[in-house]
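These notes are about the structure you will find just below.
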Amino acid sequence: MTSRQNSRRRGRRGVVRQRAPRTHWLLLAAMVITLAAALLMQGYTRHLFDTAPDGAPRAAAAADAVPPEAAHGGPVIDASAATPRTARPAPQTLALTFDDGPDPVWTPKILDVLKQQGVHATFFVVGTQVADHPELARRILAEGHQLGIHTFTHTDLGQAAPWRRSLELRETQLAVAGATGTTTALLRPPYSSTNDALTDADWQAVRQAGQAGYLTVLTTLDSEDWQRPGVERIVANATPKGPAGQVLLMHDAGGDRSQTVAALAELLPKLKAAGYRFATVSEAVSIPGAARPASGAEHWQGRALILALTVGDHAVGALDWLLVAAGAISVLRAVALTAAAGRHRRLRRRGWGPPVTDPVTVIVPAFNERAGIEAAVRSLVASDHPVEVIVVDDGSTDGTADLVDSLRLPGVRVLRQANAGKPAALNNGLRHASCELVVMVDGDTVFEPDAVRLLVQPFADRRVGAVSGNAKVINRGGLLGRWQHIEYVVGFNLDRRFFDLAQCMPTVPGAVGAFRRSALLRLGGVAEETLAEDTDLTMALCRAGWRVVYEERAVAWTEAPASLSALWRQRYRWCYGTLQAMWKHRRAVGQRGQAGKLGRRGLLYLLLFQVLLPLLAPAVDVFAVYGLVFLDPVRIAGVWLAFLAVQSACACYAFRLDGERLGPLWSLPLQQLVYRQLMYLVVIHSVWTALAGNRLRWQRMQRYGALHAPADRAGAA
């Protein structure tokens, strides 16, 4: 390999960059697309289903294009040729037909009556109903009856586009093939009635069906049972007025059909006694071959369709439950965090005990921090608490150490070491620290003058082993800066107040944290096993029995990523390192004391809100889009606005607690729509990296020099 190729493969720190795995993005895309397809099918079949009764009045329409042969012929129409052909039932023959089924309640009762009377009928079935109740379709055929199709979603074919007509017929046929292993050539369009009621639009649908090989079956006699007028009226409507053969319309689904069942039990013996013969449609008009065995491809495609619809129903049910559960949990979390923040504020007013005046060693690990190191060190020297500052230069190549030396600031030492990573730099600083109380500061952080003093006051309590300070974003310009500012104030700090009260603080941030040096040395210093050394160290202290608390008044300013790529790298490292630390300290779940509090409170909280819920986010978002398209968009939008209102209320309270202006909160809705999705993708990426066993290297954030020394920082902040 040439040196030029080598240089392309080497990162800023001279190590080969490990390319992130791509398979999981393909897998995620495939899962989201599959879920979207299942929801699209479920939405089409369940929420575009036309529930209006077949006999409902229809608006008058032109019928000029309907051929006379169809308008005045028999009720069974073959429209495959240019000139349609029709057929009528033989005299004294009644083709009994049922629409809209099969229904799990009424179809079996109607079948029982037909079986008792020895009568066979034709059932025009809806595709989605067949998919839901395939066993009823099989029973219909097993008892000698005939199947016809009544479209997939009971749509008006005359008003549907040609592509949808084809889809409706094809999918219904597949549902029948999958459920019964047979196909049928009989079709009854929903909302059809007698021949002379055909309109031009209806005729176009009949012609298209005929060219697809279907025989359209209309009616000559309507029982009007869909109106539920009473048993006597149904019987009267269904009784022929002469010897001519009839195609009688009744319904076995679409609502309460108890009157139909009762009328049928009365009608059949009456018509038999009057000399009528009952037959299926094909028998009544002497059309053989209306049903045939489905091909293997049709049968398996039909079974796949039924399975897809079943899976879609289960997916919607599960997502509906998850959405409700996630929403309820999120609201409860917001309420709990807000209540905890208020209680935390009241408790902190009581103070920690006698003032802590012991000097403090501040350790600043630095690798190529020339852009911000001067502001950071000057802010520490300007502290109103006695400090010694140790800058540990971790093999910088940009002159960081030389710059600090050139400042000649009192109480500031520079330790130089070969590049070994941040944990090694911190441990080097610990070995050279002269104070029991140690503050660890990132090289991109500027302290307020009172930050160190406030940060160490909790050590008046001998049970406290570490203290988290309040990190704030200094570069708040632009949407990305505002979103991170909101995240720091609302997300991180509300969480820390909650963790403090629950005594399960999982992280003291590297930007601003204080520790007992003796406690760290007993742990063996800062471990190097994870990329989130601050989280790993904090969890180790909790497991060792130390309390970790939050002092929100100890404010430090940090430079947040200024680009999406830099933000992605930073959060990817944080999330991956947190997962590593959670796995490393997983046994805390079963321990007692402070360790148990960390395990059963802190780790489970992180698992639920920082791992599991983000992993479910893509499915929830797809379901939200599904709801906007197929459900009540006003209700879906209302739920989202209600959730946003809760988030906004929490954000306002958090900003008030931190003494921040509320102006940046105008971007909160955009943060929920855009920034939140990015953070979810970071979690998914991190989890996949961890599960795949890939080792992520440290990724340093590019500095832009947004930090300023205390004297001139006010204007920038």
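Would you point out the residue of segment 270-290, among those that are assigned to a loop (DSSP other than H, G, I, E, B) and out of contact with any strand residue (DSSP E or B) (no Cβ under 8 Å at 6 or more places or on another chain), that is nearest to Thr239 (Cα to Cα)?
Let us first name the residues in segment 270-290 that are assigned to a loop (DSSP other than H, G, I, E, B), namely 274-276, 280, 285-290.
Then drop every residue that is not out of contact with any strand residue (DSSP E or B) (no Cβ under 8 Å at 6 or more places or on another chain), which leaves 274-275, 288-289.
Working: Ala274: 10, Gly275: 12, Pro288: 27, Gly289: 29 Å.
Looking at the filtered set, the residue picked out is Ala274.
Within segment 479-488, is even one residue at pLDDT below 95, of a type in the set (A, V, I, L, M, F, W, C) and farther than 20 Å from Phe655 by Cα? No, segment 479-488 contains no residue that is at pLDDT below 95, of a type in the set (A, V, I, L, M, F, W, C) and farther than 20 Å from Phe655 by Cα.
The set of residues in segment 343-393 that are farther than 25 Å from Asp444 by Cβ and of a type in the set (Phe, Trp, Tyr) contains only Trp352.
Of everything in segment 467-491 that is among the aliphatic types (A, V, I, L, M) and assigned to a helix (DSSP H, G or I), the residue that is nearest to Arg333 (Cα to Cα) is Val490. Meeting the requirement of 3 or more residues that are among the acidic types (Asp, Glu) and in contact with a strand residue (DSSP E or B) (Cβ under 7 Å, 6 or more places away or on another chain), the strands (runs of 3 or more DSSP E) wholly within segment 337-447 are 387-394.
Applying a threshold of 8 Å to beta carbon distances and a minimum spacing of six or more residues, or different chains, the list of pairs starting in segment 404-423 at a residue that is under 28 Å from Trp574 (Cβ atoms) and ending at one that is of a type in the set (S, T, N, Q) and buried (at least 16 other Cβ atoms within 10 Å of the Cβ) reads Leu415/Asn428; Gln417/Asn428.
Restricting Ala244, Ala205, Ala238, Ala274 to those that are over 51 Å from the mean Cα position of the chain (by Cα), under 23 Å from His72 (Cβ atoms) and assigned by TED's automatic domain parsing to the domain that holds Leu114 reduces the list to Ala244.
Among residues of segment 500-520 that are of a type in the set (Phe, Trp, Tyr), those with a Cβ under 7 angstrom from a residue that is modelled with pLDDT of 95 or more and not in a helix (DSSP H, G or I), sequence gap 6+ or separate chain, pair up as Phe515/Val438; Phe515/Met440; Phe515/Gly465; Phe515/Ala466.
Within segment 187-206, the set of residues being buried (at least 17 other Cβ atoms within 10 Å of the Cβ) and assigned to a loop (DSSP other than H, G, I, E, B) comprises Arg188, Pro189, Pro190, Tyr191, Ser192, Ser193, Leu198, Thr199. Taking segment 229-248 as the range and being more than 17 Å from Ala90 (Cα to Cα) and either in contact with an Asp or Glu (Cβ under 6 Å, 6 or more places away or on another chain) or loosely packed, with under 14 Cβ neighbours inside 10 Å (or both) as the test, the residues that pass are Gly230, Glu232, Ile234, Val235, Asn237.
Within segment 80-123, track down each residue that is among the hydroxyl-bearing types (Ser, Thr, Tyr) and buried (at least 18 other Cβ atoms within 10 Å of the Cβ). Listed by number, the residues that qualify are Thr86, Thr93, Thr97, Thr107, Thr122. Residue check, Val404 against (1) of a type in the set (A, V, I, L, M); (2) buried (at least 22 other Cβ atoms within 10 Å of the Cβ); (3) within 45 Å of the chain's Cα centre (by Cα), all met but one. Which one? Every listed condition holds for Val404 apart from (3).
Condition check ((1) of a type in the set (S, T, N, Q); (2) more than 22 Å from Lys270 (Cα to Cα)) across all residues:
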{"position": "Thr93", "(1), (2)": "yes, no"}
{"position": "Phe98", "(1), (2)": "no, no"}
{"position": "Pro104", "(1), (2)": "no, yes"}
{"position": "Phe124", "(1), (2)": "no, yes"}
{"position": "Leu141", "(1), (2)": "no, yes"}
{"position": "Phe152", "(1), (2)": "no, yes"}
{"position": "Glu168", "(1), (2)": "no, yes"}
{"position": "Thr172", "(1), (2)": "yes, yes"}
{"position": "Ala179", "(1), (2)": "no, yes"}
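Applying the set (1) over 20 Å from Met250 (Cα atoms); (2) outside any helix (DSSP H, G or I) to Phe152 leaves exactly one unmet item: (1). Quick test of your reading of the structure: Asp384 fulfils all but one of (1) without any contact (Cβ under 8 Å) to a residue 40 or more places away in the chain; (2) exposed (fewer than 14 other Cβ atoms within 10 Å of the Cβ); (3) touching an Asp or Glu at 6+ places or on another chain (Cβ under 6 Å). Name the failing condition by number. Only one criterion is unmet by Asp384, namely (1).
Could you say whether any residue in segment 207-215 is in a loop (DSSP other than H, G, I, E, B), out of contact with any helix residue (DSSP H, G or I) (no Cβ under 7 Å at 6 or more places or on another chain) and surrounded by fewer than 17 Cβ atoms within 10 Å (Cβ to Cβ)? Yes, some residue in segment 207-215 is in a loop (DSSP other than H, G, I, E, B), out of contact with any helix residue (DSSP H, G or I) (no Cβ under 7 Å at 6 or more places or on another chain) and surrounded by fewer than 17 Cβ atoms within 10 Å (Cβ to Cβ). Pro506 meets the conditions (1) under 32 Å from the mean Cα position of the chain (by Cα); (2) part of a helix (DSSP H, G or I) in every case but one. The failed one is (2).
Look at Leu136 and say whether it is within 21 Å of Ala304 (Cα to Cα) and not in a loop (DSSP other than H, G, I, E, B). For Leu136, the condition - within 21 Å of Ala304 (Cα to Cα) and not in a loop (DSSP other than H, G, I, E, B) - is met. When the residues of segment 291-328 are filtered to those that are outside any helix (DSSP H, G or I) and in contact with a strand residue (DSSP E or B) (Cβ under 8 Å, 6 or more places away or on another chain), the one that is surrounded by the fewest Cβ atoms within 10 Å (Cβ to Cβ) is Arg292. When each of Glu143, Glu168 is tested for being among the charged types (D, E, K, R) and more than 37 Å from the chain's Cα centre (by Cα), the lone residue that passes is Glu143. The residues of segment 82-104 that are free of Cβ contacts under 8 Å to residues at least 24 places away in the same chain and either polar (S, T, N, Q) or out of contact with any strand residue (DSSP E or B) (no Cβ under 6 Å at 6 or more places or on another chain) (or both), listed by number, are Ala82, Thr83.
The values are calculated or read from the model by the stated rules, or taken from the named source; none is laboratory data. Here the structure is a predicted model, which is why all the values come from computation and not from measurement. All Cβ positions, even for glycine, are placed from backbone atoms using ideal geometry, and neighbour counts span all protein chains on display.
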